[in-house]
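Notes follow once the structure below has been shown.
Every read-out reported here was derived from the displayed coordinates using simple, explicitly stated rules and does not represent laboratory data. Please read all numbers here as calculations on a predicted model, not as lab measurements. All Cβ positions, glycine included, derive from the backbone under ideal geometry; neighbour counts span all protein chains shown.
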Amino acid sequence: MAAIESLGADLAVARLRRKESLKTWAGRMGISVPTLLRMESGDPGVSMGIYATALWLIQRDGALRELASPENDRGALERDVRAAMDLGKARANASAEARLKRGQKRGTETED
């Protein structure tokens, strides 16, 4: 959960850089000060909506769209590439076998 802790700390820095008090920032977010403190400490029990609201306040909510977008899902992309490579190999092997069978069939036809 180091990523959430880092996000919480970064959001705390963003609040402090804007010279916003805990009470004012919590009020702008529609949450209590204790919840804001939990978020800034990186508590994973704080809802994603609260983190998203904090990102919105610092105009970084657009980054949320990219977090799990399919084009950034490296693991799935790697699986897709492996599957395509496996399919290509299977098709190449099937073509080679088909050519070999045709060649064997032609060879037996000329022997007759």
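Results, tabulated for the structure shown:
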quantity	calculated
(1) -0.54, -0.90, -1.01, -1.13; (2) -0.46, -0.94, -1.06, -1.19; (3) -0.39, -0.94, -1.08, -1.20, with the label sought being that of the calculated log10 I(q)/I(0) by the Debye sum over Cα atoms at q = 0.11, 0.18, 0.20, 0.22 Å⁻¹	(1)
Rel. contact order, % - alpha carbon contacts under 8 angstrom, at least six apart, the chain	21 percent
Total charge dipole magnitude, the chain, about the Cα centre, Cβ charges on Lys, Arg, Asp, Glu only, Debye to nearest 20	280 debye
Segment 2-67 shape via C-alpha gyration tensor axes, a/c threshold 1.5	rounded
Loop trypsin sites (Lys or Arg not before Pro), segment 10-60, which have at most 14 other Cβ atoms in a 10 Å radius of their Cβ (DSSP)	Arg18, Lys19, Arg60
Principal-axis tilt of helix 74-111 within the chain, Cα atoms, nearest 10 degrees	0 degrees
Angle in degrees between helix 2-17 and the longest Cα principal axis of the chain, rounded to the nearest 10	40 degrees
Nonlocal amide H pairs with Arg60, under 5 Å, H built at 1.01 Å	none
